[in-house]
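The values are calculated or read from the model by the stated rules, or taken from the named source; none is laboratory data. These numbers were taken from a predicted model, which means no experiment stands behind them. In this analysis, Cβ positions are derived from the backbone assuming ideal geometry, glycine residues included, and neighbour counts consider all displayed protein chains.
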């Protein structure tokens with residue numbers, strides 16, 4: 001094990017690109033600042049965290065993650081209809097918009113507007129990446145103890 005190798009607890013600066021199976025690039029840090037995290041802190045998908053262990057500074061790699069190891073499959077029970085009156089009357093609402101909701105437990109949960117019909121909105125509470133095979137392209141910028 002070397003000082004610049006990723007092991008649990010080390011701080012990592014990582015560039016990554018997330019590409020969905022339909023070709024959509026969901027996120028890309030290669031032209032921006034790297035994402036900084038501590039290995040094993042839970043901020044990454046477990047499959048990606050495991051993939052990075054043992055990589056060193058300037059290493060590159062690609063990981064393909066199926067829905068079962070990623071964000072799961074879409075579930076119809078996570079799609080709900082809500083009346084327009086549930087939202088602030090001055091709030092501009094549009095199809096595809098992601099809105100933060102508060103769950104009964106007090107957690108912040110994203111919901112995507114998938115349809116607006118009359119005064120009824122259809123909100124999808126599945127993760128936006130649910131049901132997709134995801135490709136992660138990564139470049140380890142730096143590793144520090």
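Total residues in region 1-11 satisfying the condition of being surrounded by 13 or more Cβ atoms within 10 Å (Cβ to Cβ) and not in a strand (DSSP E or B): the figure is 4.
Please find, among 81, 95, the residue that is farther than 25 Å from residue 19 by Cβ and loosely packed, with under 14 Cβ neighbours inside 10 Å.
Details: 95 fails: farther than 25 Å from residue 19 by Cβ.
Every option except 81 fails the conditions.
Hey, can you tell me all the residues within region 47-77 that are touching a residue at least 40 places away in the same chain (Cβ under 8 Å), outside any loop (DSSP other than H, G, I, E, B) and either more than 21 Å from residue 20 (Cα to Cα) or in the same structural domain as residue 109 (by TED's automatic domain parsing) (or both)?
Initial filter on region 47-77 (touching a residue at least 40 places away in the same chain (Cβ under 8 Å)): 48, 51-67, 70-75.
Retained after the next criterion (residues that are outside any loop (DSSP other than H, G, I, E, B)): 48, 51-52, 56, 60-65, 67.
Matches in region 47-77: 56 only.
Number of residues in region 76-116 that are in contact with a strand residue (DSSP E or B) (Cβ under 9 Å, 6 or more places away or on another chain) and more than 23 Å from residue 131 (Cβ to Cβ) equals 7. If we scan region 12-26, do we find a residue that is surrounded by fewer than 12 Cβ atoms within 10 Å (Cβ to Cβ), part of a strand (DSSP E or B) and either modelled with pLDDT of 95 or more or under 14 Å from the mean Cα position of the chain (by Cα) (or both)? Within region 12-26, one or more residues are surrounded by fewer than 12 Cβ atoms within 10 Å (Cβ to Cβ), part of a strand (DSSP E or B) and either modelled with pLDDT of 95 or more or under 14 Å from the mean Cα position of the chain (by Cα) (or both). Residues that are under 26 Å from residue 136 (Cβ atoms) and at pLDDT 95 or above within region 79-105 are absent altogether. Residues that are modelled with pLDDT of 95 or more and assigned to a strand (DSSP E or B) occur at least once in region 37-45.
For residue 33, are the conditions met, namely being without any contact (Cβ under 8 Å) to a residue 24 or more places away in the chain and either assigned to a helix (DSSP H, G or I) or outside the structural domain of residue 18 (by TED's automatic domain parsing) (or both)? It is false that residue 33 is without any contact (Cβ under 8 Å) to a residue 24 or more places away in the chain and either assigned to a helix (DSSP H, G or I) or outside the structural domain of residue 18 (by TED's automatic domain parsing) (or both).
Looking across region 115-145, the residues that are within 15 Å of the chain's Cα centre (by Cα) and either outside any loop (DSSP other than H, G, I, E, B) or without any contact (Cβ under 8 Å) to a residue 24 or more places away in the chain (or both) come down to 134, 135, 136, 137, 138.
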